Amino acid sequence: VQLQASGGGLVQPGGSLRLSCVVSGVTSSSVTVGWFRQAPEKEREFVAAIRWYSITYYGDSVKGRFALSRDNAGNTIYLQMNSLKPDDTAVYYCAAGRPIASTIRSEFAYTYWGQGTQVTVSS
């Protein structure tokens, strides 16, 4: 199973970015795909997750600003990030696994991880 994250970059506060996570080696609809982020000297933080049946979960700090979707083939997960703030600056990782509801926000519930993509929000 491989995951490849892309789409990071430098954006001004208030701007938008869309991250992509391509899942291969397993049908993404059979796993939960999550996004996490890690800023320098901070712990990894849950951002969002999407179940195979498209139920979504969001971290409190991004709720209402970020949105998950998947393509028709189901193998690419998108994280649309709007109204970006400097606090959103971090390396963003996508991950796949089969977490139960109580662990969906825990990085330890995900088995497969992609490389990170850097998001920098700065003027």
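Just one residue in the set Trp52, Trp113 is farther than 21 Å from Gly14 by Cβ, out of contact with any Leu (no Cβ under 7 Å at 6 or more places or on another chain) and among the hydrophobic types (A, V, I, L, M, F, W, C); that residue is Trp52. Residue check: is Trp52 open to solvent by less than 30 Å² (accessible area, probe 1.4 Å), touching a strand residue (DSSP E or B) at 6+ places or on another chain (Cβ under 8 Å) and in contact (Cβ under 8 Å) with a residue 12 or more places away in the chain? Answer is no for this residue.
Here Arg98 passes the criteria (1) in contact (Cβ under 8 Å) with a residue 12 or more places away in the chain; (2) surrounded by 15 or more Cβ atoms within 10 Å (Cβ to Cβ); (3) more than 12 Å from Cys21 (Cα to Cα) except the one numbered (2). Val26: assigned to a loop (DSSP other than H, G, I, E, B), of a type in the set (A, V, I, L, M) and over 22 Å from Ser102 (Cα atoms), yes or no? It is true that Val26 is assigned to a loop (DSSP other than H, G, I, E, B), of a type in the set (A, V, I, L, M) and over 22 Å from Ser102 (Cα atoms).
Tallying residues that are among the β-branched types (Val, Ile, Thr) and at pLDDT 95 or above within the range 57-76 yields 1. Scanning the range 1-27 for residues that are over 14 Å from the mean Cα position of the chain (by Cα) and crowded, with 16+ Cβ neighbours inside 10 Å yields a count of 1.
The values are calculated or read from the model by the stated rules, or taken from the named source; none is laboratory data. Just so we're clear, the structure is a prediction, and the values are computed from it rather than from any experiment. With ideal geometry, Cβ positions are generated from the backbone for all residues, glycine too; neighbour counts draw on all protein chains shown. Accessible surface areas use protein heavy atoms only, side chains included; no ligands, DNA or RNA. Shrake-Rupley method; radii C 1.70, N 1.55, O 1.52, S 1.80 Å.
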